[in-house]
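Notes for the one structure printed next.
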There are 2 protein chains.
Amino acid sequence: MANITSVSPLACPLPSFIPVKGVRLGASAAQIKYMDRPDLMMMVFDKGTSVAGVFTKSRCPGAPIDWCKACLSLGNARALVVNSGNANVFTGRAGAQATQVTAAHAARLISCASSEVFLASTGVIGEILPTQKITDALPNLFSSLTAEGWEDAARAIMTTDTFPKAVSRQVKIGDTMVTIQGIAKGSGMVAPDMATMLAFITTDARIGHDALQTLVSSSVETSFNSITVDSDTSTSDMVLAFATGAAANDKIRDVNDPSFADFRRAFTDTMQELAIMIVKDGEGLSKLIEIDVSGGVDSHSARRIGLAVANSPLVKTAISGEDANWGRIVMAVGKSGEPANRDTLSVGIGGHWIARNGMILAGYEEAPIQKHLHGRHVTIQIDLGLGNGAARIWGCDLTHGYVDINGSYRS
Amino acid sequence: MANITSVSPLACPLPSFIPVKGVRLGASAAQIKYMDRPDLMMMVFDKGTSVAGVFTKSRCPGAPIDWCKACLSLGNARALVVNSGNANVFTGRAGAQATQVTAAHAARLISCASSEVFLASTGVIGEILPTQKITDALPNLFSSLTAEGWEDAARAIMTTDTFPKAVSRQVKIGDTMVTIQGIAKGSGMVAPDMATMLAFITTDARIGHDALQTLVSSSVETSFNSITVDSDTSTSDMVLAFATGAAANDKIRDVNDPSFADFRRAFTDTMQELAIMIVKDGEGLSKLIEIDVSGGVDSHSARRIGLAVANSPLVKTAISGEDANWGRIVMAVGKSGEPANRDTLSVGIGGHWIARNGMILAGYEEAPIQKHLHGRHVTIQIDLGLGNGAARIWGCDLTHGYVDINGSYRS
């Protein structure tokens, strides 16, 4: 039996945190489920903070998802309150009430509208959120917030995560240096009773709501929508971005503004780095799998093919067993439902092509691929030979550790 | 480490085989890959045998799939030749040639057209099929065929299967007693380097090609298209039905013919029983999972929801761990992409409702569900509360055995 509390072999260190102007944050122990560590996180933003977000596509979303979607249409944020240990999902009317009450309490402390308080919950499904534990803890938590609370915040939102996840960047908009700093949690694309993918990215840049939303929506495609641990989509997935404007750059209203190009790239990199950290903490993983798809009819199709390969239990177990079983990659491409032609399909591992245009290469040697498969970072190359659609997907292998964690977890 | 050669705990015994009038069959050892057992199976049918089939939807199908699809449009069958150990998939022009040569050799022995010879291959992907081993073995195999070769045939098509799979039925059409007898292999919906889902059903009933095709196509929805082991779809899946007509009943041309009702039911039952046997041999399984979905907007939607639950690694590991983790069922319903409403959704296990209309039941007790989960046959109930769409899906749990078999198999 694997030690299910051991840290991922691909764990990433925390960055050197930089205070983000206009953001104060911290964590405290509300004892919602975990009795031995902080489980309640709060961020407070200066007036004028714009917000953008994307949410789970689940048809059974949690109450905080409903709450945030409604608030997001107004475009302003003053606070974020996140608890771990209870997802507030499938809790009926009580779930909606819990969000209203929590937001109202936070709003009173800050003197803002409830609709400016964003909420997220991650943990067990189907149990009523003990709202009073949260509202009791909020006043002291609020009065303890500082600009330095980043590590505490990153740790408080963890559930089955084996390491806290954060990315920090500085970049110029025009002549103004601005900071982008984000935290995330997730250790499986989801394990809906205790884990969920959450990411919160802040910046002190001045960016209009619409421009920020455009940036988040486009960046999510090549970051959080391009990773998978186990193909299971949470009821609570959420990415929120907050721009306080405290850096006082010339306000960005158009994402295509040339002075915004460096920021755009840094923001997208931040999203992608956080996303890959979640995969690197994939439940039970021993290897990160990076899949490059080219030659698809378009990038959407290429991404779906990459995800079909990344989600295939047979590909995942082959990689875990360090078996150069490329036929399973062909199988997964074929089952994706996307346009593919057996006779123009090429497949490689570790940068070495194995089969081109529907047949194994003459003189194919397995030794260099075997060597590559012994490493922690396995790459797969797929060329469909149909068009210019390309995508990169990150996944992980399927191991005994995954079965241990998820077969024995809740009880 | 699990013993990967042990027989499934849910293995089914072979039935008492009945000779099917108009069918002779047998098996021999062509030593394509397995050196220690028969790996080549042949059935020969009397003149006038009609044939119907359904095939994998993979975009990268094997050469025998292409061959059978082309032959099927002609509607007549005189022979079926199946090898195990090599799938003849992703083998380019050589793969197509192998099918032509094999069919031509069989046709010469039988004195029929090549297009009346159906072919299937199951085994490793990407290796050239050693056609000559097959054509060398065919003459002796052909001369050894008998009406009693059913068990040999069922065993010769196995790959990672741990038990041979067959179903036998007798039923009347009008006053004529007819026999339906089928064999299948599969031990995962697929493990494309060695396993594939194949099923061959024969009957001595006289049924027109179109009626037989209609029957196969409709029965496949509630049988082979309603099972899953690991969500991976083979490049070689194939269900073929052969009706020799030797029972000399009044020929059935319309599946809605009232005298055909009993046969229809028996045929559909045969398909379903064979399909469930494949799940019962699911790689590494410890439990069969039967999912009843009701209240969907239509039966197609209900089936997709049932498959999303059956394919969820988190549901499968929870069942393997005997954990009544019903939140994961909610999650899987939500991610299916099908119409679902959190507030009308009900979920149960083992016939006990746990949550109704979006909330856990007052006074919910876990003890009877725990008891049910200790068994080999776990049932899940899902009511969507939206319409009359219903479906039943069969899957299995995800265990260490699956990781062992597929992580260490090819090498």
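Residue count for segment A:316-337 satisfying the condition of being among the hydrophobic types (A, V, I, L, M, F, W, C) and in contact (Cβ under 8 Å) with a residue 40 or more places away in the chain: 4. Being surrounded by fewer than 24 Cβ atoms within 10 Å (Cβ to Cβ), within 24 Å of A:Thr344 (Cα to Cα) and among the small types (Gly, Ala, Ser) is the filter here, so list the residues in segment A:266-311 that pass it. Passing the criteria: A:Ser294, A:Gly295, A:Ser299, A:Ser301. Pick from A:Ala153, A:Ala87, A:Ala107: which is farther than 16 Å from A:Phe200 by Cα, at pLDDT 95 or above and of a type in the set (A, V, I, L, M)? Exactly one of A:Ala153, A:Ala87, A:Ala107 is farther than 16 Å from A:Phe200 by Cα, at pLDDT 95 or above and of a type in the set (A, V, I, L, M), namely A:Ala107.
Taking B:Glu322 and the conditions (1) more than 17 Å from B:Gly389 (Cβ to Cβ); (2) assigned to a helix (DSSP H, G or I); (3) at the interface with chain A (Cβ under 9 Å from one of its Cβ atoms), which numbered condition does it fall short on, given that it satisfies the others? Unmet condition: (2).
Results for (1) in a helix (DSSP H, G or I); (2) of a type in the set (Phe, Trp, Tyr); (3) in contact with a strand residue (DSSP E or B) (Cβ under 8 Å, 6 or more places away or on another chain), shown as yes or no for each residue.
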| position | (1), (2), (3) |
| --- | --- |
| A:Asp250 | no, no, yes |
| A:Asn256 | no, no, no |
| A:Glu273 | yes, no, yes |
| A:Val279 | yes, no, yes |
| A:Glu283 | no, no, yes |
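Evaluated against (1) surrounded by fewer than 21 Cβ atoms within 10 Å (Cβ to Cβ); (2) touching a Phe, Trp or Tyr at 6+ places or on another chain (Cβ under 8 Å); (3) more than 21 Å from B:Met331 (Cβ to Cβ); (4) free of Cβ contacts under 8 Å to residues at least 40 places away in the same chain, A:Thr135 falls short on exactly one condition, (2).
Would you confirm, using the coordinates I've provided, whether B:Val20 is at pLDDT below 95, hydrophobic (A, V, I, L, M, F, W, C) and out of contact with any Asp or Glu (no Cβ under 8 Å at 6 or more places or on another chain)? No: the conditions fail for B:Val20. Scanning segment B:63-98 for residues that are in a loop (DSSP other than H, G, I, E, B) and either within 9 Å of chain A (Cβ to nearest Cβ) or out of contact with any strand residue (DSSP E or B) (no Cβ under 7 Å at 6 or more places or on another chain) (or both) returns B:Ser73, B:Leu74, B:Ala87, B:Val89, B:Phe90, B:Thr91. Here segment B:342-352 is the region considered, the condition is being among the small types (Gly, Ala, Ser) and part of a strand (DSSP E or B), and the residue that is farthest from B:Ser286 (Cα to Cα) is B:Ser346. Scanning segment A:334-341 for residues that are in a loop (DSSP other than H, G, I, E, B), in contact with a Cys (Cβ under 8 Å, 6 or more places away or on another chain), of a type outside the set (Phe, Trp, Tyr) and modelled with pLDDT under 95 turns up at least one hit. Candidates in segment A:23-55 are the residues that are touching a Phe, Trp or Tyr at 6+ places or on another chain (Cβ under 9 Å) and surrounded by fewer than 22 Cβ atoms within 10 Å (Cβ to Cβ); of these, the one that is nearest to A:Ser143 (Cα to Cα) is A:Arg24. Quickly run through segment A:353-411 and pick out the residues that are of a type in the set (Gly, Ala, Ser), outside any loop (DSSP other than H, G, I, E, B) and either in contact with a Phe, Trp or Tyr (Cβ under 9 Å, 6 or more places away or on another chain) or at the interface with chain B (Cβ under 9 Å from one of its Cβ atoms) (or both). Of everything in segment A:353-411, those that are of a type in the set (Gly, Ala, Ser), outside any loop (DSSP other than H, G, I, E, B) and either in contact with a Phe, Trp or Tyr (Cβ under 9 Å, 6 or more places away or on another chain) or at the interface with chain B (Cβ under 9 Å from one of its Cβ atoms) (or both) turn out to be A:Ala355, A:Gly407. Taking the criterion of being out of contact with any helix residue (DSSP H, G or I) (no Cβ under 8 Å at 6 or more places or on another chain) and either at the interface with chain A (Cβ under 7 Å from one of its Cβ atoms) or not β-branched (Val, Ile, Thr) (or both), the residues of segment B:332-352 that qualify are B:Asn341, B:Ser346, B:Gly348.
Does B:Gly327 qualify as being facing chain A (nearest Cβ under 7 Å), over 25 Å from B:Thr159 (Cβ atoms) and not acidic (Asp, Glu)? So B:Gly327 passes the test. Selection of segment B:94-108 for residues being buried (at least 18 other Cβ atoms within 10 Å of the Cβ) and more than 12 Å from B:Leu80 (Cβ to Cβ) yields B:Gly95, B:Ala98, B:Thr99, B:His105.
The values are calculated or read from the model by the stated rules, or taken from the named source; none is laboratory data. Worth saying up front: this structure is predicted, and the values here are computed from it rather than measured. Glycine also receives a Cβ, built like all others from the backbone with ideal geometry; neighbour counts cover every protein chain displayed.
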